[in-house]
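First comes the structure, then the notes that go with it.
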Amino acid sequence: MNTKLLIKDLKKTPQQIIAYFIIGLSLNWIKSIDLGMNAWSTFNQGITHQTGIAFGTASQIVSIVIILLSIFMKIYPGYATVLNAIFIGYFINLGERYHLYYVSDNYFLNLLLIVVALLIFNLGLYMYLSCNAGAGPRDGLMIGLVKLTGKSVTVVRTSIEATVFIIGWLLGGTVGIGTIITTFLGGYTLDKTFKFFKYSSHKIHHTNIMSYFKNVS
């Protein structure tokens, strides 16, 4: 057994859990402001609206289904991908249960709060991705469909997000100015966050769970 590799990765676990906590709370914060969210959150909220299950639980179910679809397309998750699917939803529900967010009565202040929550979300995303232990479930789905269809990342990602957004909206997910903010500022602010921390996603190789256990054993 490669004990050094195992210990090295175990040391990353606290950072990963903190990252999931930050991501979960920021997603729930944006939802609680109730001015609209990104495509996947709109989809999750639509499921919540139709079934009555918690927003975080919907996120967990969708993430697990996506992981299974990705495996079917021979895109294997990292161990952190599985933790992502479980813990982000858990912390979303925790934030909702204990009201770990602030919503103002002022419309314009709430717009600013969405931007703040988005910046915090990006910090959590950086903390998670910089562990290099597996990308998010939705990225695995995107990669699988790129390989399956032969289309570009831009076409596949846009198609996926447009599809889940429309379905989420039809299911009753909230759509509004927050949707526009998170859609158009999300990528820009994430890019600035990566540059601030000198993190290049193009140079990082995320291990999958199959190769990981092969290296550890």
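I need the calculated FRET efficiency for the pair Tyr188 and Val103, taking r as the beta carbon distance and R₀ as 22 Å, to the nearest 0.05. Calculated transfer efficiency: 0.35.
Axis of helix 13-33 versus longest Cα principal axis of the chain: the two differ by about 20°, to the nearest ten degrees. When exposed loop sites are taken as trypsin sites (Lys or Arg not before Pro) in a DSSP loop with at most 12 other Cβ atoms within 10 Å, the longest stretch of the chain clear of them is 75-197. Applying 1/(1 + (r/R0)^6) with R0 = 41 Å to the Cβ-Cβ distance of Lys74 and Leu170 gives a FRET efficiency near 0.85.
Mind giving me the FRET efficiency for Val116 and Thr3? R0 is 41 Å, r the Cβ-Cβ distance, nearest 0.05 is fine. Between Val116 and Thr3 the formula returns 0.45. Dipole magnitude for the range 3-216: about 920 debye, using +1 per Lys or Arg Cβ and -1 per Asp or Glu Cβ, origin at the Cα centre. Within the range 10-108, the chymotrypsin sites (Phe, Trp or Tyr not before Pro) that combine a DSSP coil assignment with at most 14 other C-beta atoms in a 10 angstrom radius are Tyr98, Tyr102.
The label-point distance for Thr13 and His49, in a model that sets each label 7 Å from Cα toward Cβ, rounds to 3.9 nm.
Our coupling estimate for the range 76-82, obtained by passing each phi through the Karplus curve with A = 6.51, B = -1.76, C = 1.60 and θ = phi - 60°, is 8, x, x, 5, 6, 5, 5 Hz, Gly and Pro reported as x.
Were the residues from Lys147 through Val82 laid out at 0.36 nm apart, the gain over their Cα-Cα distance would be 21.2 nm.
Averaging the Cα positions of each part gives two centres, and for the range 78-133 and the range 32-63 these lie 13 Å apart. Compared with the direct C-alpha span, the chain from Ile64 to Ala162 gains 33.2 nm at full extension, assuming 0.36 nm per residue. By how many degrees, between 0 and 90 and to the nearest 10, does the Cα long axis of helix 55-72 differ from the longest principal axis of the chain? Its long axis makes an angle of about 40 degrees.
None of the figures in this text is laboratory data; all of them are computed from the coordinates on show. Given the structure is predicted, the values throughout are model-derived calculations rather than measurements. Methodologically, a virtual Cβ is constructed for each residue, glycine included, from the backbone with ideal geometry; neighbour enumeration extends over all protein chains shown.
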